[in-house]
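Engineer: Have a look at this one.
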Amino acid sequence: MSTLMFGQYIIRASEVFFETKLSMALVNLKPVLPGHVLVCPKRVVKRFYDLSPEEINDIWQSASRISRVIEKHFDGDGMTFAIQDGKNAGQTVEHVHIHIIPRKRTDYENTDQIYTEIEKERQPRTLEEMASEAETLRVYFKDNNDLIENQTKTTTTTTNHQLECINYQMSSSNKTTTTEQQPPPPVCSVEKGDDEGLFKFSFERSPTIKRIALLTSGGDSCGMNPAIRAFVRASLIKGAEVFAIREGYNGLVQDSIIPLNWGSVASIINRGGTIIGTARSAEFRTREGRKKAAFNLIKNKINNLLVIGGDGSLTGANLLREEWFGLLSELVQEKLIDASIPESDLGKLSIVGMVGSIDNDMYGTDITIGADTASHRILECIDSILSTAVSHQRSFVIEVMGRNCGWLALVSGLATGADYIFAPENPPEAGWEDVMLEGLERGRVSGRRCSLIIVAEGAIDSNGNPISSSYVRKVLEEKGGYDARITILGHVQRGGVPTYCDRYIATRMAVEAVNYLFSKTATCEPMMIGMVGNRVVRKPLMACVKETQKIGALLKEKKFKEVVQLRGPLFEEFSDIFGICANLKRMNSPKKNYNIAILHSGGPSPGMNPAVRAFTRLGIDAGFGVYGIFNGFNGLAKGDVREMTWMSVNGWAVMGGAELGTNRSVPNDSNIEAIIANIEKFKINAILMFGGFNGYVGISNLYEYRKKYKQLEKVAMICAPGTIANNVPGTEISVGADTCLNNILDALDKIKQSAVASRRLFVVEVMGAHCGYLCAMSSLTSGAERAYTMEEGVTLKSLTADLKMFSNRFKGDNRIGLIITSENASSTYSTHFIYSLFKEEGKHLFDARESILGHLQQGGNPSALDRLAASRLMNQFVKLIDEECIKKGNAVAGCIGNIEGAIKFTDIEQMKLEINHKYRRPENQWWLPLLELSRRISVSPHDDNGENDPCEVAKEHQDSHNLTVTSPTIYSQSQINSNPQLTL
């Protein structure tokens, strides 16, 4: 267990608020100004020129991120960065450190005075003052202090993105002299979390040709094929040679390694499972088996490996890497490989991992590949079961997968309004049978016609005894007298067509895996690619695996609270929300003399009803009076306001549409006095608008009326995003967009299947008004060759180039093309114009069809993600009102939304700055760079460039037919005997 030092001083555990692998940030013992902090390397280095390149890069990246937080937290309007390098420069602690100081115009008459103030002797603060400041700042960086190997830990418990920090105390009583530590191995960009890190990929070919292999191992999960497709094509764009290892580690041991090209992964993006097969290998677990694997990789000149699987698969990959040099040495001794190989580039094996698991059980990532599709399948089944359960007043026990992880049980229970959940992480106490029956009886008495219990296959009680679905049914029937049925969903959860979310995260993570392999140095440790919110992140692979494997031991030790915390903040938050909404673990706060009301504005969005359900029940539990406003701002003006009760929203968790109603009215001079009169009549203290762009305009208008009507100054006004178009400020993702994109992909998959028999180009229009989010995301996750949005524009030049591209493709073996247009992409080049142009110009090569998807995009039951996101937003709204309005007395105004994986509040003035009123969308849209990615990985560079040598184009097509093609929907192939049971 190592000790961190600041020069000659030992660092203790209460004043470090930020850590990376190489750097740390400390609150200051003697700050010049409030917010004055220090950033330094963990290695004790006296002078700046002694830092390694990796340390220099890391310390300045850390300083950049910390400065943004410090400036905002301490209300600064500028920053000072200072380094005193050497004793004569004023350095008092012989350890390189950067002073970060938030500045205000009123600090000094002469702004440069700060540099002399740094050198002056100042009064030290108390340990309590320093610890308090560090605790406050640590919250902003809760996902940066994790996964630090060999760190000292305090007794404070950990969360998924927050390992306990090792902190410091500069005190003369514990001065210690230490020898300078050796620099740790460099870490390759462990974190990516700022706006610039949302997507970054260079499409330029690398001057170095890498040979890269990928394998899928362990249980399959939907999303593996989209990951394979994106990884192969991004690697080919970079100039790599790519190979598939068939049947997991078995194929690695048995030399089942085949080359891949662009056509090898054509049209697999909508296919479940993995086209390269997966298996568990007993032989690879032996050193002799791993020696065979090493030999086969060397034989194929491969030293870069992507592994998609669970923690066991990733552990196996790392073990192979750790043994690599020794295995090669043994192969040299056995004269199986040349003696020069261990010292060549092949002497080092680079590993990158992606987690494919429906259980979402890996530490270090919010979501794993396959988890969303599994949740989607479960919800489809339960939504169907509920109708028959209600008809017969039955109790249903649904068993879902999750041997050691209750994620699927938890999210399906929350998203369907289940009465009870049994999961390994939250086991019930002894006597749970009677508690469950009492709760179910209360529900029946209050008006529920059915009962729903979700059981994870690995469910246990607090003593570690298994709880089976059959035993739960027995309790219901024999002790409760209920008519009960069991449905074991089984492997239906693992298969099927991948959802939008799984296609999206698989594509993003796969491209980042290519980024890592082309940017790493030889000494970089293996990385796991994961998602935190909407950000792709890199985390040290084995640190994530080790934290994940701790959970099994903690379950055996019955340390369930620690297990929940290791599962991460999302698991913990969803557990709390479910406990309240299911009436199982209520806070039962005392009644407050404070009323909150919710309304919708704008178009209908899937997720509105789950949001109102969570708003009502969480609000009642928190002690608020809860009101529903029907038909938007117009309903508020007319007094169409009703108090909501616990059972008012029974069954709303699964419902599409908007039971409160919605329209596009906004506060204006003609209705504002009526609106104010009803706010006063119903004593409404806070209004939550859950809806789209019109609602944000409506709240902005209502806020402006504060200047004229003082009554509004005491009314909190909050917006929350509920729109399929994802065109509102203060959030990266809106509730409803996920359901909409799943509807679009379902339609696109059917459209593509309809064209198998002929050469046909489809031009499909999607919604979005002036925002191209739906167009861009559906293009990225459907494999469309082109997407036309207003943000990028449509020109005659681009249409001509695209016509040439499609002509090149249809001259070969391509049998289908897909263009997606946003409904207002161009006022001149409309969807119908584009269709007519391609139909006329391509009539000798291909036919063209036009399809406008229309309002089917807005309908249907909400997806799992939208139900969960709606509940999470409402939970944070209730907390915001309690903290800001009740405790501090602030009538806040602004919006809440999902930013960097957290629900954050944006002040209304900032919100208004982010609105582009002309085009009814945010000023800055994070997803725009993904349009380029969508184009690049959907069309071969040969097809996308009409100037290529026709012989090269022909060779590319010929190469693509030398491999066995497997999907029943491989539209680019000429063979007619596709077998869906074959793999590559």
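The values are calculated or read from the model by the stated rules, or taken from the named source; none is laboratory data. Everything numeric in this text was worked out from a predicted model, so none of it was measured. Positions of Cβ are generated from backbone atoms using ideal geometry, with glycine treated the same way; all protein chains shown enter the neighbour counts. Side chains are part of the model used for accessible areas, which takes the heavy atoms of the whole protein and leaves out ligands, DNA and RNA. Shrake-Rupley method; radii C 1.70, N 1.55, O 1.52, S 1.80 Å.
Engineer: With every protein chain left in place and a probe of 1.4 Å, what is the accessible surface of Phe17, to the nearest 10 Å²?
Structural biologist: It works out to around 0 Å².
Engineer: Hey, another quick one. Using mean Cβ contacts within 10 Å as the protection proxy, how do 299-312, 575-588, 506-519 order, highest first?
Structural biologist: Result, highest mean first: 506-519, 299-312, 575-588.
Engineer: Here's a follow-up. Treating only the Cβ of Lys, Arg, Asp and Glu as charged (+1, +1, -1, -1), what charge dipole size does segment 737-861 show about its Cα centre? Round to the nearest 20 debye.
Structural biologist: Numbers: 13 positive and 14 negative charges, 114 e Å.
It comes to approximately 540 debye.
Engineer: Let me ask you something else. Please give the length that would be gained between Tyr471 and Arg586 if that part of the chain were fully extended, namely 0.36 nm times their separation in residues minus their C-alpha to C-alpha distance (nm, one decimal).
Structural biologist: Difference between extended and current length: 38.8 nm.
Engineer: Determine the per residue accessible area of segment 4-141 with all protein chains present and a 1.4 angstrom probe, expressed in square angstrom.
Structural biologist: Using a 1.4 Å probe on heavy atoms only, each residue of segment 4-141 averages 48 Å².
Engineer: Can you give the charge dipole size of the chain about its Cα centre, rounded to the nearest 20 debye, using +1 on the beta carbon of Lys and Arg and -1 on the beta carbon of Asp and Glu? It would help to have the intermediate numbers written out before the result.
Structural biologist: Working: 109 positive and 114 negative charges, 205 e Å.
Magnitude of the dipole: close to 980 debye.
Engineer: Moving on. First measure r as the distance between the Cβ atoms of Lys46 and Lys104, then evaluate 1/(1 + (r/R0)^6) with R0 = 35 Å and state the FRET efficiency to the nearest 0.05.
Structural biologist: FRET efficiency, Lys46 to Lys104: 0.60.
Engineer: Of the DSSP beta bridges with both residues in segment 372-493, give the percent that are antiparallel, rounding to the nearest 5.
Structural biologist: Counting DSSP beta bridges with both partners in segment 372-493, the antiparallel share is about 5 percent.
Engineer: For segment 372-493, what class follows from the C-alpha gyration tensor (a ≥ b ≥ c being the square roots of its eigenvalues): rounded when a/c is under 1.5, otherwise prolate if a/b is larger than b/c, else oblate? Numbers along the way, then the final one.
Structural biologist: Values: a/c = 1.74, a/b = 1.07, b/c = 1.62.
Note, shape of segment 372-493 comes out oblate.
Engineer: Can you give me the long-range amide H partners of Gly691? Hydrogens built in the peptide plane at 1.01 Å from N, cutoff under 5 Å, separation of 5 or more residues or another chain.
Structural biologist: Ser601, Ala720, Gly722
Engineer: Scan around Phe243 for amide H atoms under 5 Å from its own, H built in the peptide plane at 1.01 Å from N, and keep only partners 5 or more places away or cross-chain.
Structural biologist: Amide H to amide H, under 5 Å and 5 or more residues apart or across chains, Phe243 pairs with Ile212, Ala213, Leu214, Leu260.
Engineer: Multiply the residue separation of Ser387 and Thr92 by 0.36 nm, subtract the distance between their alpha-carbon atoms, and state the gained length in nm to one decimal.
Structural biologist: Here the answer is 98.9 nm.
Engineer: Now, a different point. Among Pro466, Gly495, Leu476, which residue has its Cα furthest toward the positive end of the charge dipole of segment 441-530, with +1 on Lys/Arg Cβ and -1 on Asp/Glu Cβ?
Structural biologist: Leu476
Engineer: Which value, in debye to the nearest 20, describes the size of the charge dipole of segment 4-141 about its Cα centre when Lys and Arg Cβ atoms bear +1, Asp and Glu Cβ atoms bear -1, and nothing else is charged?
Structural biologist: 220
Engineer: Probe of 1.4 angstrom, ligands and nucleic acids ignored: what's the accessible area per residue over segment 374-512, in square angstrom?
Structural biologist: Here the residues of segment 374-512 average 36 Å² of exposed surface.
Engineer: Within the chain, what percent of beta bridges assigned by DSSP are antiparallel, to the nearest 5?
Structural biologist: Numbers: 43 of 110 bridges.
Given both bridge residues lie in the chain, the antiparallel proportion sits at roughly 40 percent.
Engineer: Place a point 7 Å from the Cα of Asp483 along the Cα-to-Cβ direction; which residues of segment 362-389 have their backbone N under 19 Å from it?
Structural biologist: Only 384-389 pass the distance filter.
Engineer: May I ask which of Lys46/Lys120; Lys21/Lys348; Lys479/Lys550; Lys585/Lys887; Lys750/Lys839 have a Cα-Cα span longer than 26 Å here?
Structural biologist: Lys479/Lys550
Engineer: Label segment 737-861 by shape, choosing from rounded, prolate and oblate, from the square roots a ≥ b ≥ c of the eigenvalues of the Cα gyration tensor; if a/c is under 1.5 it is rounded, and otherwise prolate applies when a/b is larger than b/c, oblate when it is not.
Structural biologist: Numbers: a/c = 2.02, a/b = 1.29, b/c = 1.56.
It comes out oblate by the Cα gyration axes.
Engineer: To continue, here is another question. Run the helix sum for the chain: -39,500 (n - 2.57) per DSSP H stretch of 4+ residues, divided by residue count, reported at 222 nm to the nearest 500 deg cm²/dmol.
Structural biologist: -11000 deg cm²/dmol
Engineer: Can you spot the aspartates and glutamates whose alpha carbon is less than 13 Å from Lys904's alpha carbon? Ignore those fewer than 8 places along the same chain.
Structural biologist: The qualifying aspartates and glutamates are Glu732.
Engineer: Still on this structure: Ranked highest first by average number of other Cβ atoms within 10 Å, how do 443-450, 496-503 line up?
Structural biologist: 496-503, 443-450
Engineer: Would you work out what percent of the accessible area of segment 794-902, with all protein chains in place, is carbon or sulfur (probe 1.4 Å)?
Structural biologist: 51
Engineer: Here's something else I'd like to know. Show me, for segment 649-662, the HN-Hα J-couplings you get by feeding each phi into the Karplus relation (A = 6.51, B = -1.76, C = 1.60, θ = phi - 60°), rounded to Hz, glycine and proline as x.
Structural biologist: 10, 4, x, 6, 4, 9, 8, x, x, 9, 5, 6, x, 8
Engineer: Suppose each label sits 7 Å from its Cα in the direction of the beta carbon; what would the Asn650-Asp85 distance come out to in nanometres?
Structural biologist: 7.2
Engineer: Given a 1.4 Å probe, how much area per residue of segment 594-690 is accessible, in Å²?
Structural biologist: Ligands and nucleic acids excluded, the figure is 30 Å² per residue.
Engineer: Which of rounded, prolate, oblate describes segment 4-141, given a ≥ b ≥ c as roots of the alpha-carbon gyration tensor eigenvalues and a/c under 1.5 marking rounded, otherwise prolate only if a/b is larger than b/c?
Structural biologist: rounded
Engineer: Along Cα→Cβ, 7 Å out, is where each label goes; now give me the distance between the ones at Arg449 and Lys120 in nm to one decimal.
Structural biologist: Output for this residue pair reads 7.7 nm.
Engineer: So, one more: Mind jotting down the three principal axis lengths of the chain based on Cα atoms? Whole angstrom, largest first.
Structural biologist: 86, 78, 68
Engineer: Still on this structure, I have one more. Given the options Ser52, Met874, Ile937, identify the residue whose Cα lies farthest towards the positive end of the charge dipole of the chain (+1 on Cβ of Lys, Arg; -1 on Cβ of Asp, Glu).
Structural biologist: Met874
Engineer: Sticking with this one: What nm value, rounded to one decimal, do you get for the distance between Asn701 and Val139 when each label is placed 7 Å out toward the C-beta?
Structural biologist: Label-label distance for Asn701 and Val139, simple model: 3.5 nm.
Engineer: Could you work out what % of the accessible surface of segment 207-278 is carbon and sulfur, using a 1.4 angstrom probe and leaving DNA, RNA and ligands out of the count?
Structural biologist: Reported share for carbon and sulfur atoms: 47 percent.
Engineer: Tally up the carbon and sulfur contribution to the accessible surface of segment 51-151 as a whole percent, 1.4 Å probe, everything protein left in place. Display every interim value, and only then the final one.
Structural biologist: On the way: 2610 of 5670 Å².
Here it works out to 46 percent.
Engineer: Here's something else I'd like to know. By per-residue mean of other Cβ atoms within 10 Å, what is the highest-first order of 764-775, 319-330, 70-81?
Structural biologist: Averaged packing, sorted descending, gives the order 764-775, 319-330, 70-81.
Engineer: Sort out for me the Cα centre separation of segment 293-366 from segment 8-39, rounded to whole Å.
Structural biologist: Centre-to-centre distance over Cα atoms comes out at 38 Å.
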